[in-house]
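Shown next, in structure tokens, is the structure this report addresses.
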Amino acid sequence: MEIYLAHTQGFCAGVARAIDIVNRVYEKHNTPLYVFHEIVHNTLVVESFKKKGIQFVDDLSDVPDGGRVIFSAHGVSPKIIEDAQKKNLIFFDATCPLVHRVHKCASEFSKDGIDVILIGHKKHQEVIGTKGYVDPSLLHIIQGEDEVENLLIDSSKKVGYVTQTTLSLDDTKNLVQRLKARFPSLIDAKVEDVCYATQNRQNAVKELCNACDTIIICGSSNSSNSNRLRELAEKCGVESYLIDSADEIKLSMLNNKEKIGISSGASVPESVVLDVIDKIKSEFPVSEIHISESPEKQVAFPIPEI
Ligand code: SF4
């Protein structure tokens, strides 16, 4: 058996920054400390913070007035910031700067009276946060191409779009083409919304699919970018599995397979991938591990003062 490691392992810059912010706030102020929603969508990361006594809440009413709270990497709506101010909370914003960029674009469209089509998963925290930057009368959220025809927008109006940062690049491209067919003067998002980390990871999985007969994606089931990676491998015709940890590897996944590709979502600690390799090596004779260079070494976002 040979193992092929994707060249995009470890945290993306937005996740690394969010985790760093939690660590710094904890080191400086200790607990009680609250995080609004999972800081990043990874079970191991969240559990490690819980062990330190950091509490995760889905409602700000669960944070005592005047308490310390960190907003997750997925971003929050302006209403949440207002609510935090009303409760005199001391808040730290771990929203990824690339998500902030989408907020800015959505907000500018809305202020200019432009109808905003927000492409993304309706229940995902990032989409819930972004939609708060758009006047509800101008907002249209869609997930798939089949929803384009049902959009209730007068074609004579100005229409723009923004997207969630962790979507499938291919699906998004097709969806935008459908939108352009329906709204010929559609205004593009001002920047590429699907982020560099998502793009790199999807490209890496495509490369793995050329060489491998099974792909293992390390990532939690609620991680959007990890799910997209597994789906992409499947679309390329390669059997693929999403696992949260090495414990979830079953021998039946790898029996009679020769070339195993391993990749991970942007919020997965490198240790998970290393555990997966160890587990495979303990069960199968592995003759070679192919590792390629990561293109992401230089990407880092500044940390705010804590
Ligand atoms: S996946 Fe992209 S948008 Fe999300 S935290 Fe990472 S860099 Fe930011």
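Given the conditions (1) under 17 Å from residue 134 (Cα atoms); (2) surrounded by 14 or more Cβ atoms within 10 Å (Cβ to Cβ); (3) free of Cβ contacts under 8 Å to residues at least 60 places away in the same chain; (4) over 21 Å from the mean Cα position of the chain (by Cα), report the number of the one that residue 161 does not fulfil.
(4)
Only one residue in 38, 2 is farther than 28 Å from residue 299 by Cβ, surrounded by 13 or more Cβ atoms within 10 Å (Cβ to Cβ) and touching a residue at least 40 places away in the same chain (Cβ under 8 Å). Which one?
After ruling out the rest, the residue left standing is 2.
How many residues are more than 16 Å from the ligand (Cβ to nearest atom), among the aliphatic types (A, V, I, L, M) and either touching a Gly at 6+ places or on another chain (Cβ under 6 Å) or part of a loop (DSSP other than H, G, I, E, B) (or both) if we restrict to segment 52-78?
Within segment 52-78, residues that are more than 16 Å from the ligand (Cβ to nearest atom), among the aliphatic types (A, V, I, L, M) and either touching a Gly at 6+ places or on another chain (Cβ under 6 Å) or part of a loop (DSSP other than H, G, I, E, B) (or both) number 2.
State which residue is farthest from residue 195 (Cα to Cα) when the search covers only segment 1-51 and only residues that are more than 16 Å from the ligand (Cβ to nearest atom) and β-branched (Val, Ile, Thr).
31
Checking residue 24 against (1) out of contact with any Pro (no Cβ under 8 Å at 6 or more places or on another chain); (2) surrounded by fewer than 15 Cβ atoms within 10 Å (Cβ to Cβ); (3) not β-branched (Val, Ile, Thr), which test does it fail?
The single condition residue 24 does not satisfy is (2).
Residues are listed down the side, and each one gets a yes or a no for (1) in contact (Cβ under 8 Å) with a residue 60 or more places away in the chain; (2) within 11 Å of the ligand (Cβ to nearest atom):
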{"position": "194", "(1), (2)": "no, yes"}
{"position": "198", "(1), (2)": "yes, yes"}
{"position": "204", "(1), (2)": "yes, no"}
{"position": "207", "(1), (2)": "yes, no"}
{"position": "215", "(1), (2)": "no, no"}
{"position": "218", "(1), (2)": "no, no"}
{"position": "223", "(1), (2)": "yes, yes"}
{"position": "229", "(1), (2)": "no, no"}
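Quick one: count up the residues across segment 79-117 that are out of contact with any helix residue (DSSP H, G or I) (no Cβ under 8 Å at 6 or more places or on another chain), open to solvent by 40 Å² or more (accessible area, probe 1.4 Å) and away from the ligand (no atom under 16 Å from the Cβ).
10
The values are calculated or read from the model by the stated rules, or taken from the named source; none is laboratory data. This one's a predicted model, so the numbers in the text were calculated from it and none came from an experiment. Cβ sites come from the backbone with ideal geometry, for glycine too, and all protein chains shown count toward neighbours. To get the accessible areas, we keep the full protein, side chains included, count just its heavy atoms, and leave off ligands, DNA and RNA. Shrake-Rupley method; radii C 1.70, N 1.55, O 1.52, S 1.80 Å.
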